[in-house]
1. If packing is taken as the mean number of other Cβ atoms within 10 Å per residue, what is the order of 87-94, 62-69, highest first?
2. Pulled fully out, how much extra length does the chain show between residue 105 and residue 126, if you take 0.36 nm times their separation in residues and subtract their Cα-Cα distance?
3. Note down the magnitude of the dipole of the stretch 108-199 about its Cα centre, charges +1 on Lys and Arg C-beta and -1 on Asp and Glu C-beta and zero elsewhere, to the nearest 20 debye.
4. Quick one: length gained pulling residue 81 to residue 65 fully straight, 0.36 nm per residue minus the C-alpha distance?
5. Once you place label points 7 Å from the Cα toward the Cβ at residue 194 and residue 98, how far apart are they in nm?
6. Mind checking which aspartates and glutamates have their Cα closer than 13 Å to the Cα of residue 195? Skip sequence neighbours fewer than 8 apart in that chain.
7. At a 1.4 Å probe radius, carbon and sulfur cover how many percent of the accessible area of the stretch 68-208?
8. Please give, to one decimal in nm, the separation of the simple spin-label points placed at residue 139 and residue 157, each 7 Å out from Cα toward the Cβ.
Amino acid sequence: MTEPISICATAVHQASRNFAGALSRLRIARGVSLGGGKTTMRQLSSNHSNSLRRKTAQRGFSILELVTVVAVGLILAAIALPLVQNITRTLRLNAAVSAVTGAMQSTRYHAIFDGCPYNITFNNTANTYQVATEATGGACATAFTNVGTAVPFADPKRVTLDQNLTFQFSPGGSVTVTTGTNSFNLTTVGATTTKNVKVTKYGSITVQ
């Protein structure tokens, strides 16, 4: 009875060792497989990201996108151009009005300061004005003498004056119109924008 029991014990012990070894090998094999799987997924993810970056960098702009941008730019330019032209015309007209009224006021002040008559003549062909005076530094002369040369107040191609004008200013500040009328218009060329200037006999100037 002792020998069969010993043989069975030895067989059981050997089977246990074989089972333990097989289990150990299975665990190792499973760990390697999982580890390899994780590495492969990381590599695939990295490769995919790099591929997307390369495609994005190489994509650029499509023809449709470029055409859309150009079309939007042309539309904005078409809208803005008339506005810019109107603003430019208005600024030119305002500058011409300021030049004319400023020259008239300055001439009147000189007549009052020097105590002798002055006059200012506006030429609507050349868009210039010429100042003349009877002042000589002493007694007033009996005839007007030009002061300097004619001064342009606007480009004739941009702004028009509706008439030739001559205003005479007395030492007392009063105004006499010797050529044209005391009311005249300045108009921008190519538009209907007009400024009316009125001069009273007392030298007051209004612009409408």
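1. On the way: 87-94: 15.1, 62-69: 9.8.
The densest-packed peptide leads the list: 87-94, 62-69.
2. On the way: separation 21, 0.36 × 21 = 7.56 nm, distance 2.10 nm.
Residue separation times 0.36 nm, minus the Cα-Cα distance, leaves 5.5 nm.
3. Working: 5 positive and 4 negative charges, 58 e Å.
The calculation lands at about 280 debye.
4. Here the answer is 3.3 nm.
5. Computed distance between label sites residue 194 and residue 98 equals 2.4 nm.
6. Reachable aspartates and glutamates: 162.
7. Values: 4730 of 7920 Å².
Here it works out to 60 percent.
8. 5.1
The values are calculated or read from the model by the stated rules, or taken from the named source; none is laboratory data. Only a predicted model underlies this, so the values are computations on that prediction, with no experimental measurement involved. Cβ sites come from the backbone with ideal geometry, for glycine too, and all protein chains shown count toward neighbours. Each accessible area value is taken on the protein alone, full model and side chains, heavy atoms only, with ligands, DNA and RNA left out. Shrake-Rupley method; radii C 1.70, N 1.55, O 1.52, S 1.80 Å.
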